[in-house]
């Protein structure tokens, strides 16, 4: 049986350690402190947002600047005129086809990857898989090699499986490189869920699979959402495989299409930036689709019940 | 396992649940992973003991040279320095990523207006194509056109025309900022998910018992986050030690190789020098370093019974 | 047995996924149609060889029966062609049109054009050759041709190549007397300068090394912009100085490459580069040719070393410089010459390709002077054939014509050997000069170090 930290034990520890602290006085000053806390939170949030978003904002502003204002000695913070035309040009240059390819690959990988990884992650967290320790290490070890060195043997494997120059090949290769990490992420989350909830379901007559599917999986909702975002972004961003395994322009994915703005004689910075803005949008949509799962409070309720 | 009354159907089911189901659940993942990556890894290991150029890849002929590729990797002063630099730089990036990720997660776990927006903002750096992100940051660190020097100078510091990428320390600092910027969102989002999985009543109970915010974090939240935290540290280590794109775009390993990290050196030996033997040996070295670091982490967190 | 089961599961998964893949089955239709069209090319361009490649391809496809090659060797003449990503829609359109014209002239031939990003091209060639699936024709950077030829990846050119090609470009694709690359287009770097600033400072266009230095001093004294700038990562500006100083990188004698960088001329070349660096900012240690161009375009420098493609990019990004720029041959060095590096692209075919004949036909078509001139003009380069250069508008354009003269009359190439690919990949010259520019070593030490490393790489 996997050892997890039962909530009762850990809740008990601080209780024992803080018996001496004068709780009453604290509670009296609570509202004042809450206000300070709220202000600190908001200040932290502003700092965090600036750090995260500024480079993207810069990217966006660059994408609408006239060419002459892109490289200037004093940064031009606000363009003198807005060049939306770059977005039209980017879309004309095959963005749509690449977008469709990217969506097909990424969504398939996310869907299959999460199911496969959730099953394995659950098994590794909660059951006695033969050779468990070794399998887990093997799974992790596959991530410890620099991919550049493996690309030629991988190319040969893909060739002999008939997976070159098609999207299926990309799906399969992305699955094999994202599931190891997704398994580890999900296993961590499954181990954090109290066993007694599951045991209660068994006592009620559920099979192990049913208990996993109906009780444990929903409770791991935030973890599954986090792993899904991870897999989605990994597949969405992948460049080296997409370039090496698929040469046919009609089956290019977005990261490869982005390279068409970098040429021998010139680089179209404005185009790259406009492309990158469009590139990040689907990730935003995917996140908005999942964010309620990521942060919902339903879990706590389930534990109480 | 829970003791149950013995009926024939039940015991078959129990055997299925304990013996067969785990294997069934794990098999698809193992097939996918080892089916594709297994052979390339074995091939890399094999090549690391051989003298192999591009011609030997096409003809299949190469000479066994024992450990001489490893000896070369460990005796070359430049490569030794690269290994050391990778270790230090990687560890600092992990510390930066984890600290910032944890801070962001704790912040996002508090209720405040606009939280979804802030969570989304935190996620964005991760969503950006790595090469494009490194390009934008390289611009921002440009000595004359860059936003960083411009704003530091406006703050009254003497950063006018400061060249970030000319000597290794400032260059690694700039690269590190970009690496942390792109990898902390994953840590933040995962820890946030972990925090959300902690039942509210546990925290409430501690609060009612009079535990301060720090004590709640130290004694309630952290222990419950431990499994997730361990995984994130291991994964961050793997990523940050293998950093490639950001270095490649921002300095290319220069000037004069002073900002080369192990993944760049590996790439250079294999793809520009076409010395696949030495390249493979460096890859194995990377693997060994990561394996050792991972085991140390797991030991430190005293999880050996779990692994 | 285990492995076979793994493969079976993977295959099943692959089948299942094909539904999402869409369009993946198109290749089967190609193969089915193929036999009908077999006669078609006979009447067209190449009367004799037309059947031989086809029959060869048929047998090959039958023998190999590899399921792994969806686009492979097409029974009827599907030609896979890699072109380097031009980063410019107009250039790509020219290539697309020319290939379409070739298809039109040769019934039953399909050209599958695949654009490969420059930054990844070398790796992609390595992977394709090492992984055993190569294109039939590819555009290849002239300094890589000898490298991949010597490593056995490329098919030698049989018979005469014809005398029309620019000589230095043929040389760079020739290993041990055998040619591997058809010169497609090329460019040579010359001196690009601001007419207005030179006039303002009252200096003539420099014709010698000394002229250039003294003109720079004058410009620096009378204006506040840099007279000329250098970059740490700009091999094609640095190495030609060695020729101009009267030296050479290396010569082939008795089966070994004798390097000549640790010499009077080598040290003079490095020292001259350092002298020119006086007006470059600290960050220039990490610059490359693009930074040089962008600074010039921004009005930060009065002169630069660059090619026609640079000038085209400058004029399109900074239209206000129109009429204020001029081009001259590179200044003559103490060695009495003003030679520069002729860089560009070859067309090559691969040893593993089974479409050699058709590939050669395609290359011949691409190299017809009209086709090559249109392409090179659009790209800002010059054609690789003398007749092409004549057909190109660049030789008539007053502004651009010095580039043509520089290429045809004053250009050379680096040692044509696999080792040079390693030198470029290793960035031997770049690392050496960067250390000098950083101040961490002296010119003499750098010359000795570069010499020793180049010698090792060329002779390994």
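The values are calculated or read from the model by the stated rules, or taken from the named source; none is laboratory data. On a predicted model such as this, the values are computed, not experimentally measured, just so you know. Here Cβ is always computed from backbone atoms with ideal geometry, including for glycine, and neighbour counts include all displayed protein chains.
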Residue identified as surrounded by 23 or more Cβ atoms within 10 Å (Cβ to Cβ) and outside any loop (DSSP other than H, G, I, E, B) among C:100, C:138, C:93
C:138
Which of the residues belonging to region B:211-220 are more than 9 Å from every other protein chain (Cβ to nearest Cβ) and surrounded by 20 or more Cβ atoms within 10 Å (Cβ to Cβ)?
none
Are there any strands (runs of 3 or more DSSP E) wholly within region C:290-373 with 3 or more residues that are surrounded by fewer than 23 Cβ atoms within 10 Å (Cβ to Cβ) and away from every other protein chain (no Cβ under 14 Å), and if so which?
C:325-328
Give the residue, chosen from B:133, B:105, that is at the interface with chain A (Cβ under 9 Å from one of its Cβ atoms), within 30 Å of residue A:102 (Cα to Cα) and part of a helix (DSSP H, G or I).
B:133
Within region C:275-288, can you find the residues that are more than 22 Å from residue C:198 (Cα to Cα) and part of a helix (DSSP H, G or I)?
C:282, C:283, C:284, C:285, C:286
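Residue B:176: surrounded by fewer than 22 Cβ atoms within 10 Å (Cβ to Cβ), more than 14 Å from chain C (Cβ to nearest Cβ) and in contact (Cβ under 8 Å) with a residue 12 or more places away in the chain, yes or no?
Spelling it out, residue B:176 is indeed surrounded by fewer than 22 Cβ atoms within 10 Å (Cβ to Cβ), more than 14 Å from chain C (Cβ to nearest Cβ) and in contact (Cβ under 8 Å) with a residue 12 or more places away in the chain.
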Test set (1) under 18 Å from the mean Cα position of the chain (by Cα); (2) within 9 Å of chain B (Cβ to nearest Cβ); (3) surrounded by fewer than 22 Cβ atoms within 10 Å (Cβ to Cβ) - residue A:199 fails condition number:
(1)
Counted residues in region A:56-90 being in contact with a helix residue (DSSP H, G or I) (Cβ under 8 Å, 6 or more places away or on another chain) and within 21 Å of residue A:249 (Cα to Cα) come to 3
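For every residue, the table says whether it meets (1) at pLDDT below 90; (2) closer than 18 Å to residue C:291 by Cβ; (3) over 25 Å from the mean Cα position of the chain (by Cα).
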| site | (1), (2), (3) |
| --- | --- |
| B:113 | yes, no, yes |
| B:116 | yes, no, yes |
| B:130 | yes, no, no |
| B:144 | yes, yes, yes |
| B:152 | no, no, yes |
Of the conditions (1) within 14 Å of chain C (Cβ to nearest Cβ); (2) surrounded by fewer than 21 Cβ atoms within 10 Å (Cβ to Cβ), residue A:282 clears all except one; give me its number.
(1)
Lone qualifier among B:88, B:94 - being more than 9 Å from chain A (Cβ to nearest Cβ) and surrounded by 15 or more Cβ atoms within 10 Å (Cβ to Cβ)
B:94
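Just to check your reading of the model, which residue among B:243, B:231 is within 24 Å of residue B:103 (Cβ to Cβ), in contact with a helix residue (DSSP H, G or I) (Cβ under 8 Å, 6 or more places away or on another chain) and more than 9 Å from every other protein chain (Cβ to nearest Cβ)?
B:243
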Strands (runs of 3 or more DSSP E) wholly in region C:173-241 with at least 1 residues that are within 14 Å of chain B (Cβ to nearest Cβ) - which ones?
C:226-228
If we ask which residues in region B:45-81 are surrounded by fewer than 13 Cβ atoms within 10 Å (Cβ to Cβ) and either without any contact (Cβ under 8 Å) to a residue 12 or more places away in the chain or assigned to a loop (DSSP other than H, G, I, E, B) (or both), their number turns out to be 9
Residue C:111 - would you say it is modelled with pLDDT under 90 and under 30 Å from residue C:343 (Cβ atoms)?
no
Right, residue C:119: closer than 21 Å to residue A:246 by Cα and free of Cβ contacts under 8 Å to residues at least 12 places away in the same chain or not?
yes
Which numbered condition trips up residue C:251, out of (1) in a helix (DSSP H, G or I); (2) free of Cβ contacts under 8 Å to residues at least 12 places away in the same chain?
(1)
Collect the residues in region C:91-131 that are more than 19 Å from the chain's Cα centre (by Cα) and more than 27 Å from residue C:357 (Cβ to Cβ), keeping them in residue-number order.
C:93
Which numbered condition in (1) at pLDDT below 90; (2) over 16 Å from residue C:91 (Cβ atoms); (3) surrounded by fewer than 22 Cβ atoms within 10 Å (Cβ to Cβ) is the only one that residue C:393 fails?
(2)
Here the residues within region A:155-196 that are assigned to a helix (DSSP H, G or I), at the interface with another protein chain (Cβ under 7 Å from one of its Cβ atoms), more than 30 Å from residue A:225 (Cβ to Cβ) and touching a residue at least 40 places away in the same chain (Cβ under 8 Å) are A:155
Return a yes/no flag: does region A:241-248 have any residue that is farther than 30 Å from residue C:189 by Cβ and away from chain C (no Cβ under 14 Å).
no
Quick check: anything in region B:138-160 touching a residue at least 40 places away in the same chain (Cβ under 8 Å), farther than 26 Å from residue A:288 by Cβ, at the interface with another protein chain (Cβ under 7 Å from one of its Cβ atoms) and buried (at least 21 other Cβ atoms within 10 Å of the Cβ)?
no
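So that you can scan it fast, the table gives a plain yes or no per residue for (1) within 13 Å of chain B (Cβ to nearest Cβ); (2) modelled with pLDDT of 85 or more:
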site	(1), (2)
A:23	yes, no
A:40	yes, yes
A:57	yes, yes
A:85	no, yes
A:89	no, yes
A:97	no, yes
Residues of region A:110-154 being over 23 Å from residue A:220 (Cβ atoms), surrounded by 20 or more Cβ atoms within 10 Å (Cβ to Cβ) and more than 14 Å from chain C (Cβ to nearest Cβ), which ones?
A:142, A:144, A:145
